[in-house]
Amino acid sequence: QPHTVIVKHCAGLLRALADSKTELTVVVPKPLTSAQLKELGLHKKQVFTLKPKAWPLHSALKKWFWESVQVPAYFATKDLDWEYYPYPCPLPSASAHLRAMTVHDMILWNDERYQGNRLKKKYYRDALRALIHVDHLFTVSKATHDELGIPAATLLPNAVTPPKLDRSKKTKTKFPTKDLIYLGGYELRKNVPLLVRRFAELHKNHPEYRLLLIGEPHQKSKLYPQIPEHPAVLRLGRKTDAEVFAQLQNAHAFVHASDSEGFNLPLLEAMLAGTPAIVNDLAVNREVSKHSALFWNPSKKNSLEAILKSIQAPSKRNAVILKQKKAAHSYDWKHSAQLLLKALRT
């Protein structure tokens with residue numbers, strides 16, 4: 001699932017680590033294509049495909065077994081300095097090597113909406129226990145670090161690599177357009193139905209606006225609520241990074257109503273693209289944007305309209321764009337890779 005934050009985290013770090021000449025062994029559940037290897041800067045010899053057991057089991061159990069048994073068993077056969085797990089997963093209590101793990105957020109442990117059935121709860125408990133057994137922890141934001149409550153954890157922020165755009169395919173657009181863009185997932189905490197309702201209220205007085213939804217539900221379940229229909233709301237589905245970046249550059253603003261985030265990578269993508277970012281007033285959004293984002297309260301009517309009114313003048317809108325772009329450029333995968341290596345070498 002190349003659009004997920006975990007994959008983008010892995011890809012960004014892998015590219016930077018490969019550039020640093022770090023000796024890597026990457027374990028994947030299915031083979032990478034030549035294009036994927038090239039994109040990540042990896043050689044075929046650096047990647048080992050470890051296929052999940054072909055049992056007639058639920059896919060979640062196969063994933064669980066792959067993470068907690070197959071991968072650690074494979075690592076045990078290798079002469080390694082560190083095993084790095086890019087997200088919390090159940091692990092054996094002991095290992096022949098030092099182990100590190102990155103925590104992206106505490107949502108699955110702290111948010112009752114995501115607790116699920118007994119099987120899921122056990123998976124989350126075992127993953128939480130793994131945080132005690134590993135030798136070093138990373139968090140992607142200070143907000144997650146504070147929530148985790150483990151002072152020794154190292155901050156390992158995400159970043160965004162601007163895609164290479166095809167400049168030969170320029171489109172004539174009226175600037176600024178009146179398209180508002182939502183980019184991200186559709187699970188409960190993202191509050192997309194609430195965003196659509198707030199947009200519908202805005203649209204009554206300002207029919208020149210449209211709301212473009214980029215992304216798609218990962219699955220059909222109670223965790224992914226039904227999105228209301230509206231004639232000015234367009235569902236664009238999944239887009240490539242280049243398409244997303246181009247869409248953001250032509251948009252009037254980026255809007256987001258999530259009530260909890262570990263880092264909020266879409267916010268950083270919007271800032272880098274030069275799109276005024278309007279997000280819920282969360283500590284992590286203030287942190288990631290370095291207080292440059294425009295903050296609104298999705299639970300209040302007319303809050304979105306008031307924010308849009310504040311950037312109606314081109315001079316004010318441009319000032320916001322410059323401030324946000326400056327903040328976005330402070331994030332860099334190369335720097336994050338250096339932080340990771342420094343922590344593991346200490």
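The values are calculated or read from the model by the stated rules, or taken from the named source; none is laboratory data. Remember, predicted model here, so these are calculated numbers, not experimental data. Cβ placement follows ideal geometry from the backbone for every residue including glycine, while neighbour counts extend to all protein chains displayed. Note: areas computed on protein heavy atoms with side chains; ligands, DNA, RNA excluded. Shrake-Rupley method; radii C 1.70, N 1.55, O 1.52, S 1.80 Å.
Considering only 151, 223, 22, and ranking their Cα positions along the charge dipole of the chain that arises from unit charges at the beta-carbon of Lys, Arg, Asp and Glu, the one farthest toward the positive end is 223.
In terms of accessible area, using a 1.4 Å probe and ignoring ligands and nucleic acids, 310, 59 rank largest first as 59, 310. The relative contact order of the chain, computed from alpha carbon pairs under 8 Å that lie at least 6 residues apart in sequence, is 15 percent. Rolling a 1.4 angstrom probe over the stretch 215-264 with all protein chains present gives an accessible area of which 49% lies on carbon and sulfur atoms. Between 98, 183, 57, the Gaussian network model of the chain with springs among Cα atoms under 10 angstrom shows the greatest mean-square fluctuation at 57. Against the chain, whose longest principal axis comes from its Cα atoms, helix 118-133 is set at around 70 degrees. In the structure shown, do any of 164/301; 63/290; 8/290 have a Cα-Cα gap over 27 Å, and if so which? From 164/301; 63/290; 8/290, over 27 Å: 164/301; 63/290. In the stretch 270-321, the portion of solvent-accessible area held by carbon and sulfur atoms comes to 52 percent [1.4 Å probe, whole percent, DNA, RNA and ligands not counted].
In summary, the lysines within cross-link reach of residue 222, defined as a Cα separation below 17 angstrom excluding same-chain residues under 8 places away, comprise 120, 121, 190.
Which one of 7, 329, 183 has its Cα pushed farthest toward the positive end of the charge dipole of the chain, where Lys and Arg give +1 and Asp and Glu give -1 at the Cβ? Value computed over the given set: 183.
The fraction of accessible area contributed by carbon and sulfur in the stretch 1-82 is 59 percent, rounded to a whole number (1.4 Å probe; ligands and nucleic acids excluded).
Over the stretch 1-101, accessible surface divided per residue gives 60 Å², non-protein components excluded, 1.4 Å probe.
Once you have a ≥ b ≥ c as the square roots of the Cα gyration tensor eigenvalues for the stretch 1-109, tell me rounded if a/c is under 1.5, and otherwise prolate or oblate according to whether a/b is larger than b/c. Because its axes are fairly even, with a/c under 1.5, the stretch 1-109 counts as rounded.
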